[in-house]
Structure formats: structure tokens, C-alpha cells
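The values are calculated or read from the model by the stated rules, or taken from the named source; none is laboratory data. Please read these numbers as outputs of a predicted model, since none were measured by experiment. Every residue, glycine among them, receives a Cβ derived from its backbone with ideal geometry; neighbour counts consider all protein chains shown. Heads up: the accessible areas ignore ligands, DNA and RNA and are worked out on the full protein's heavy atoms, side chains in. Shrake-Rupley method; radii C 1.70, N 1.55, O 1.52, S 1.80 Å.
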Amino acid sequence: MGNIEVQGGVAGESLRGPLSPTKDALESLTARLAVRYGVIPLRRDPGGALVVAMEDPNAYDILDDLRMAVGCPVRAEQADPALIAEAIREFYGVGAETLDALVVNRDVQVVDDTSDTGIDDMSADASIIKFVNQLIVDAYASRATDIHLEPFERRFRVRYRIDGLLTDAYIPESIRHFRESITSRIKIMANLDIAERRLPQDGRIRVRIEGKDFDLRVSVVPIGHGESINIRILQRSSVLMGLGAIGFDEQALTHFHALLKKPHGIILLTGPTGSGKTTTLYACLSRINTADRKILTIEDPVEYQMDGICQMQVRADIGFTFASGLRSMLRHDPDVMLVGEIRDFETAELAIRCALTGHLVFSTLHTNDAPGAAPRLLDIGIEPYLLASSVEAVIGQRLVRKVCAECAEPYEPEAEAINEIGIDTPAGAGPAESSFRRGAGCDACRGTGYHGRTAIYEMMVMNDEIRRLVMEHAPGTAIKRAALANGMRTLRTNGWERARQGITTIDEVLRVTQDDRDASMAADA
């Protein structure tokens, strides 16, 4: 072992903070060896030796193997295994050792990057299976809600949606050689037709990670250079949050609790996909889930399993739709009904008639804000008198990222940012009286400054004036002015309050809300 040099050991100090390998060092050691021995190459020293980080720098057998593999002296420095594992994932990529083994074992030489590598032997199949499993586990560990796999002419991009925003996954570049095999593996897991590459397909996968059950919703669509895949990660037994934990303040909770006590009517939640509507609806059902109530739901898909509530899954392939499910629900003597989404006239009309016949109905609708729900339902054909007499409230909701608690620091926002948000600052609520915070970026938040999300909302409770406007087919702007006059706080106003409290940032509020100064000024007039 004459070429082995050891530094650190028992007497040395362990490396702290994120490890930062040089490009030259990374190229000296394959991902397979890094994962196998639990080391990360750091740099070349002036004498040409490779400096690596490892848990035990006195493990001479490992150092000897590394010296033989890289063909040069090796020096070791001590580092925490967690830091080494994170560095391997970041700089080599998820499953890099698996793809590395495939390239080595098959001597892959890709002539045309758009062609399939033709992996068909058992060892290759096992490696692809292992890689896809590693990808799913890594997405879960990263708190991702979605995995996006996108083939392009010269690369295969993998992204995770974390806290509502897409971010590139740590994936080795060699993944592009195996994109067809990875796509086929995911389609097999989702029970889809691997031979069909011209039409969109949807499927589901059930997996267990760390003892927890997950449903993976898989959507495959054909694009120019293959098939783009989205995998939505849904935990089947998620811990349900209360309305307060979701982000509703005391004033909103008072209104909410009053609505939940109503014997009949419709409560609608609006917002884009991924705005937390379903989570809020489940929190409502959880609160009123008592022994004296029969609660039925029809959803696509059933995202959370709730004890004591009868939940039905839409099966469009056999004709079991929202509309047909609603008809069956009425014959089942329910007190409370949840319709996962109102998409068409038939579903909307049935939901409204259920509300008019003595049922409390919850549902969601895709509109930009709460006042836009009425024009939307009128547009799809609902009669104004039915809408005005059945809807009790509409809640518009968005999710904003929360400032990371680990690296949060106080700051004073610039006047330009405050002006851009367009909120008239009330007396006693200016920047000096606020607690603005932002994240500096740390390992806990992956350098983003944000960790987790919370809801901001606007709650439009129906009154006589709003019902009159609905009967008159008034536009959404007129309904919004009436709602503001009735005390509704807009999404942007609620977001501004969260920014002032240091929960989120002004930039986040500007990202997810629209300027509503025109409606506010009209309401003041």
C-alpha cells in the first residue's frame, strides 16, 4: 500500500458543511465505486493524489481498492456519511451507479441519441427496475408531489415539483441512453400498453415507501421525441390537517364553522390544479364526520382514505362518471355529499338539485377567483335561479411557499415591491410594524429559502345583493365588487397579511395572485 496516503483518521477533524467536489475529481471516480465504498472524490492535491471524503479515513482496504481503480495515490479526509450520501446524489445523480453499470456491462455506444438502446437481457431489466424505484424513492425524500420525465432530441430531462415549483432532479446525463426502457418500465408498472406510442394513456401504480402506501397517478402523452410522463404522488393514508393548520385564520374559521353547520346548500372551492382544494374539502368533511351523519364522496381519484366516510372512485372506462355516481348517491340516503369536481352541465345540475333537496354538497370548480364561479356555472348552462338559491359560499384558494424556518432572517422589503403588490397599507400596518422574513437558503430547503406551503384564500359568502347580481347575469367584476363591499378579502390581500407576518414573502404573493386594485377601488367608490 505504498501509494496510499491517509489524512484525518481519529486525530483529524471531520469535514463540515456541503461537500464541493471539483469536476476533475468527479471524473476520476465512477459512480459505482463512489456508492459501493461510500466515498466522494473532492479534488486533486498539488502532488496529483486524489483526495476523497469518507466516514473512516483509516479504512486501508478501501483506499487500496480506490488506488488500484484510479491509478494514482489516494488521500482520505473524514466526513459525515449523510454529507457523503447527499453529495453522491447531487453530483453523480439519482441511480447513477445503476446506469453506470448498464453502460459498462453492455458497452453502450449510442450512434443516434433518438434511438432505443435495445436493452433486453435480464440484468439490464433488473437495473432499469432498480433505477425507476430509486427515482420514486428520491422524489418522495425530496417532498415532491410530481415527477416529470421529458424526452428531447439530445437529452432526457427529469424534474420534481417541490412546494409547487418544478426543479431539475439530480440525474446523470447517461440516462438519455435508456429513456425508452425507463418509459416502458413505468408503463408496465401502470398497466399501460407499451406498444402504443401514438395516443395519451393514463394509469395508476400502488407502491409502499418506508411502510407508507402511495398511489402514483401516471399520465403519458406523445411528444416530438418520445413520450412525456407525469407521475403524481399521492399518499393514501395522509394525516388530515385541520382548517387552521391549512392556513385559515380565526375570522375565516368562524365563517367556515357557520357554513359547516348549514343543513343544505353548496360550498364550492375554486382554484387551479395543485392549489390545495381537495385538502381543504377533506378538512371540512373531517370536522363534520360524526356518527349522526352519512357522508358520501365521488372522486377522481380518491386521494385520502377517510375512516367513517364512504368514498367512491370514478371509472369512466366503464361508464361510472361523476354524474352517474351522483344519481346513485341520492338513493343511498346521504346527509353530506362531496363531488370531486364539477366539469360539465350534467354534474353541475345534479349537484345543485341535491343541494335543493336537503343535502349539504361540497365540490370544486376551476376558476381564477371566487366571484368567477357564478359566471362559470351560468356559462355551462345552469339557470340563474337555481344557482342563486343553492350556493352558500365560494372559497378561492392558492398555495404559497413558506419561508424556511431553518434559515429565515428579517428584512425590509423595497418600496417598489410594496407598491407592486397594490395594497393600501392601513394605519398601524406599515413595514415598520411588520415582521417580514425571507430565507437565506440552506440544506433543509435545498437552497430555495422556502420549505412547505400554506394556503391563502378569499371567501365569498352569498348575500341578497350577490344573489340579485347572479339572477341578472352580472359579470364577475360586478359580483367581486359586491363581495368586497360585503367584507371579502381578496387572495392578494390575504397574501399580503401572510407576508407581513413573515410566513411567506411578497415575491410569492405576487407569483400566485393577480392585481385586484380596479375592483377594490370600485368597491370603495
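Summary of computed values
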| read-out | value |
| --- | --- |
| Potential extension, THR357-ALA444 segment - 0.36 nm per residue separation minus Cα distance | 26.2 nm |
| Disulfide-incompatible cysteines by the Cβ rule (no partner under 4.7 Å) in the chain | CYS72, CYS284, CYS310, CYS354 |
| Stretch gain in nm, segment ASP515-ARG43, where the contour uses 0.36 nm per residue and the Cα spacing is subtracted | 164.9 nm |
| Net charge dipole size for the range 376-499 [Lys, Arg +1 and Asp, Glu -1 on Cβ; Debye, nearest 20] | 320 |
| The range 310-438, relative contact order in percent, only Cα pairs under 8 angstrom and at least six apart counted | 18 |
| Solvent accessible area, Å² - ILE188, 1.4 Å probe, full protein context | 100 |
| Alpha-carbon centroid distance for the pair the range 441-510 / the range 256-290, whole angstrom | 17 |
| Sequence-separation-based contact order of the chain, relative, with Cα cut under 8 Å and 6+ spacing, percent | 9 |
| Of the DSSP H helices in the chain, those whose Cα atoms cover at least 20 Å axially and whose Kyte score averages 0.5 or more | 122-141 |
| Dipole magnitude (debye, nearest 20) for the chain, charges at Cβ of Lys, Arg, Asp, Glu | 1120 |
| Value in Å of the Kirkwood radius, where the range 246-395 supplies the Cα pairs that are averaged | 15.5 |
| Gap separating the Cα centres of the range 182-242 and the range 385-411, nearest whole Å | 28 |
| Heavy atoms of ASP202 accessible to a 1.4 Å probe, total area in Å² rounded to 10 | 120 |
| Accessible surface, the chain, averaged per residue in Å² (probe 1.4 Å) | 47 |
| Two-site label geometry, ALA85 and ARG157: point separation in nm, points 7 Å out along Cα→Cβ | 3.0 |
| Accessible-area ranking of MET68, MET462, MET471, largest first, probe 1.4 Å | MET68, MET471, MET462 |
| FRET efficiency, 1/(1 + (r/R0)^6) with R0 51 Å, evaluated for GLN251 and HIS225 via beta carbons | 0.50 |
| Top positive-direction residue, dipole computed over the chain with Cβ charges, set ILE194, PRO413, GLY247 | GLY247 |
| Dipole magnitude of the range 304-356 about its Cα centre (Cβ charges: Lys, Arg +1; Asp, Glu -1), debye to nearest 20 | 120 |
| Listed residues GLY164, ASN230, VAL391: farthest to the positive end of the dipole of the chain (Cβ charges) | VAL391 |
| Fully extended contour minus Cα-Cα distance, from GLU196 to CYS72, at 0.36 nm per residue | 39.6 nm |
| Separation of the ALA417 and ARG204 label points, Cα + 7 Å toward Cβ, nm | 4.3 |
| Estimated translational D of the range 342-445 in µm²/s (Stokes, Kirkwood radius over Cα pairs; 37 °C; 0.692 mPa s) | 185 |
| Mean residue ellipticity (222 nm) of the chain, computed from DSSP H runs ≥ 4 via -39,500 (n - 2.57), nearest 500 | -10500 deg cm²/dmol |
| Whole-Å semi-axes of the ellipsoid equivalent to the range 142-289 (Cα gyration tensor, √5λ, descending) | 38, 16, 15 |
| Among ALA374, MET337, VAL361 - extreme Cα towards positive end, dipole of the range 299-406, charges at beta-carbon | ALA374 |
| Pair LYS262, GLU409: separation of 7 Å Cα→Cβ label points (nm) | 4.8 |
